[in-house]
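Data block below; observations after.
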Amino acid sequence: MSRKKFLMGNWKMNHTIEEAEAFCDDVKEMGLVKKARAKSVMIGVAPSYLSLQAVRKHAHGLIVASQDVHYANHGAYTSSVSIPMLEEINVDWSIVGHSEKRQYEGETDLDCNQKIKALVANRFHAIYCVGESAKEYDAGLTKDVIAMQVMVGLLDLSKEEIGNVVIAYEPVWAIGTGKNASAEIAEDICKFIRSLLEKHFGKVASQKALILYGGSVKPESIHGYLQQEDVDGALVGGASLKSQSFQELLNNI
Ligand code: PGA
């Protein structure tokens, strides 16, 4: 089955509004959205909350995603942003469960599940991040950890709703460390994730699902990942920050 490819930049806590706008202007000048369409690649970025609206306005066809979202529509949740707030600025994608949220803010699989359910109920797209820690990897627990994250994170979703969820496999030991997982490891785990999706949602949904690899992906390494049968794209942090490097990532797909 041929699935679209997906290149998503996660800017984390980088880029002021001015820098984010400059990136978008570069992308326009380089004609990256057009290039991506010609290659059947979806491309997008996830800026900080503060830059979201500006990036949305300068997106010129880039997918714009929030880095997180709250499951409630409003309420006493200091520092959080809700789905209606994103809707108001025409953002309908959000990352959920990034390991930095899990690690530094104690986000759990159940928290992720609430967010994903709220997103898909509002016809948003979710990019759900899963991945094992270095300790879990060393103990040979990768697949147990992933199976749990997938099962709990996607609890109660329907076969239709799963169509709006992209899964990103991001081994924690490979994020921002320069120690990327080999293409073989990425394929092994992405294939495993597809088998879990098949078990929970059936073959058709699992074959349609986009599964990304993330963790120290660079322009030199992206091709090796995307050549794998079950790796449909990449979630890229550091190497997505500069427009030149973002262009190289796309060129090398
Ligand atoms: P990295 O980040 O590419 O800088 O390792 C990836 C991510 O955290 O999504």
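Data for the structure
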quantity: Positions within the range 226-239 being under 20 Å from residue 97 (Cα atoms) and away from the ligand (no atom under 11 Å from the Cβ), in sequence order; calculated: 231, 232, 233
quantity: Residue 242 being out of contact with any strand residue (DSSP E or B) (no Cβ under 9 Å at 6 or more places or on another chain), within 13 Å of the ligand (Cβ to nearest atom) and at pLDDT 95 or above; calculated: yes
quantity: Any hit, the range 70-81, residues being β-branched (Val, Ile, Thr), touching a residue at least 24 places away in the same chain (Cβ under 8 Å) and buried (at least 20 other Cβ atoms within 10 Å of the Cβ); calculated: no
quantity: Residue identified as touching a helix residue (DSSP H, G or I) at 6+ places or on another chain (Cβ under 6 Å) and either crowded, with 20+ Cβ neighbours inside 10 Å or in contact (Cβ under 8 Å) with a residue 24 or more places away in the chain (or both) among 45, 55, 41, 33; calculated: 55
quantity: Some residue of the range 66-74 being touching a Leu at 6+ places or on another chain (Cβ under 6 Å) and either under 24 Å from residue 226 (Cα atoms) or polar (S, T, N, Q) (or both); calculated: yes
quantity: Restricting the range 86-110 to residues that are free of Cβ contacts under 8 Å to residues at least 12 places away in the same chain and acidic (Asp, Glu), the residue that is farthest from the ligand (Cβ to nearest atom); calculated: 88
quantity: Residue in the range 18-29 that is in contact with a strand residue (DSSP E or B) (Cβ under 6 Å, 6 or more places away or on another chain) and closer than 14 Å to residue 250 by Cβ present; calculated: no
quantity: Residues located in the range 163-186, provided they are farther than 22 Å from residue 202 by Cβ, more than 10 Å from the ligand (Cβ to nearest atom) and surrounded by fewer than 21 Cβ atoms within 10 Å (Cβ to Cβ); calculated: 173, 182, 183, 184, 185
quantity: Test for residue 152: is it of a type outside the set (Ser, Thr, Tyr) and under 25 Å from residue 219 (Cβ atoms); calculated: no
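The values are calculated or read from the model by the stated rules, or taken from the named source; none is laboratory data. Please read all numbers here as calculations on a predicted model, not as lab measurements. Note: ideal-geometry Cβ built from the backbone for every residue, glycine included; neighbour counts use all protein chains shown.
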